[in-house]
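Read the structure below first, then the notes.
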Number of protein chains: 2
Amino acid sequence: MFKALNEIVAPEDRFNFLINFVSDELVKKTDELRFYNALYLHADGVRAISKAMEKYHVQFDQQFLAEEKLLKDLGVANPELEATFLRSTLQGISLEYLLSPKDYPLQQMKEMLVARYKIKKDLK
Amino acid sequence: MFKALNEIVAPEDRFNFLINFVSDELVKKTDELRFYNALYLHADGVRAISKAMEKYHVQFDQQFLAEEKLLKDLGVANPELEATFLRSTLQGISLEYLLSPKDYPLQQMKEMLVARYKIKKDLK
């Protein structure tokens, strides 16, 4: 995933890859992700996996930097803040999807995210 | 909260009220919300609070309809899908804030949400 985010040259393709990757993971690993999300928010869970978290923090930082670069390449005005906004939105979409996988309009949410950055690019 | 969402006439003021309400709650009730978020995602927790959830589902539906109406009043093209997007984004912002309240740029995220709908309105 991180490899692809560094290797795909065209930012539009990289963005679509990111959105599709998150979406595919949600559909394929629903129960697993639900478990990790719950653990992540639970104080005991956080303590129990704090060692593992240190490793993930490095991965997370690299991932965040790759997303920030992607948004910069897409011509977004504030790539750092926009990366936080994108990450938050993806987390929220994931959370809502995990709560009701059958009813959630995942495909339409993906399209709205793509539209957000396509519009920004066209406006430049 | 729900009362205000029905009573404030100007949609821009209603939108700002919604965003400020969520943000204020996050800051004031961080630990409580972290607990409920974890419970919400945990299968045992969901079963344990399923009775209570029935009551909240009605509230949630009313809240969602009020948000959908707000977006319609703001002149958004697809109020129902946009309400899902807004709800997901607010959930994601909440989740990310709860994970690191000190570092998260909550104020800037609020401004980006406001900008999203102000821009849409201007484009109409």
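If you take all other residues with their beta carbon under 10 Å from the beta carbon of B:Leu81, and give Lys and Arg +1 and Asp and Glu -1, the sum is -4. For the range B:69-77, backbone phi angles converted through the Karplus equation (6.51, -1.76, 1.60; θ = phi - 60°) give residue-by-residue couplings of 4, 4, 5, 4, 5, 7, x, 6, 5 Hz, Gly and Pro being listed as x.
The mean number of Cβ atoms from other chains found within 10 Å of a Cβ in peptide A:93-101 is 4, as a whole number. In this structure, the pairs whose alpha-carbon distance is over 20 Å, taken from A:Lys69/B:Lys102; B:Lys3/B:Lys69; A:Lys69/A:Lys118; A:Lys3/B:Lys102; A:Lys110/B:Lys69; B:Lys72/B:Lys118, are A:Lys69/B:Lys102; A:Lys3/B:Lys102; A:Lys110/B:Lys69.
Note on B:Gln59 and A:Thr30: the model spin-label points, each 7 Å out from Cα along the C-beta direction, lie 2.7 nm apart.
Computed with every protein chain present, the accessible area of B:Tyr104 is close to 30 Å² [probe 1.4 Å].
Counting only protein heavy atoms and using a 1.4 Å probe, the accessible area of A:Val114 comes to about 30 Å². With a Förster radius of 41 Å applied to the C-beta separation of A:Lys118 and B:Phe21, the computed FRET efficiency comes to 0.85. Around the Cα centre of the range A:62-124, unit charges on the Cβ atoms of Lys, Arg, Asp and Glu (plus for the first two, minus for the last two) sum to a dipole of about 180 debye.
The values are calculated or read from the model by the stated rules, or taken from the named source; none is laboratory data. As the structure is a computational prediction, the values presented were derived from the model and not from experiment. Reconstructed Cβ throughout: ideal geometry from the backbone, glycine too, with neighbour counts over all protein chains shown. All accessible areas refer to the heavy atoms of the entire protein, side chains included, with ligands and DNA or RNA removed. Shrake-Rupley method; radii C 1.70, N 1.55, O 1.52, S 1.80 Å.
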